[in-house]
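Accompanying notes for the structure given below.
Since every read-out is calculated from the coordinates, none of them should be taken as a lab result. Just so it is clear, the model here is predicted, and its values are computed rather than measured. Every residue, glycine among them, receives a Cβ derived from its backbone with ideal geometry; neighbour counts consider all protein chains shown.
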């Protein structure tokens with residue numbers, strides 16, 4: 001996956017970046033592209049995993065392998081994370097990072113926005129003669145790359161392309 005290089009530098013994680021593009025670009029249509037003006041990097045999953053584990057060990061982080069049943073907002077500004085086997089963990093901030101399954105753990109106000117999810121998938125391939133500048137990370141390419149209208153096609157293909165040439 002990718003990150004804004006300046007943000008990883010601020011976190012002291014620049015050593016986990018395996019490739020850097022000097023700038024990012026967005027194509028909204030066949031008109032002029034938008035240059036973002038920020039360097040983007042591809043993260044080495046292995047290096048990031050090792051660095052985060054090292055930081056956790058150094059900070060005394062403990063791990064609990066358990067299923068979260070629900071999250072309750074406590075009156076003192078804390079939350080209570082209720083896990084299986086009657087384990088309750090108080091915390092200042094509960095972060096739900098379970099993707100589409102988050103809906104069962106979050107409560108929204110009555111009449112508020114519905115829960116929505118984003119699904120992304122990636123494929124790493126090497127191709128010859130691709131149309132992209134290798135010095136620019138393609139953050140979003142919304143152009144119609146099929147140039148033809150095929151019934152049902154919009155439901156089967158991504159809404160935008162994200163490319164690291």
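Could you put 24, 95 in order, starting from the residue whose Cβ has the fewest other Cβ atoms within 10 Å? Could the numbers behind the result be given before it?
On the way: 24 19, 95 7.
The most exposed by this proxy come first: 95, 24.
Can you give me the distance in nm between label points at residue 26 and residue 10, each placed 7 Å from the Cα along the Cα-to-Cβ direction?
That separation, rounded to one decimal, is 1.8 nm.
Ranking 63, 27, 132, 1 by Cβ neighbours within 10 Å, fewest first, what do you get? It would help to have the intermediate numbers written out before the result.
Working: 63 6, 27 19, 132 16, 1 11.
Ascending Cβ contact count within 10 Å gives the list 63, 1, 132, 27.
Can you tell me the FRET efficiency between residue 66 and residue 45 if r is taken as the Cβ-Cβ distance and R0 is 30 Å, rounded to the nearest 0.05?
On the way: r = 25 Å, r/R0 = 0.82.
Step by step, r from the Cβ atoms, then E = 0.75.
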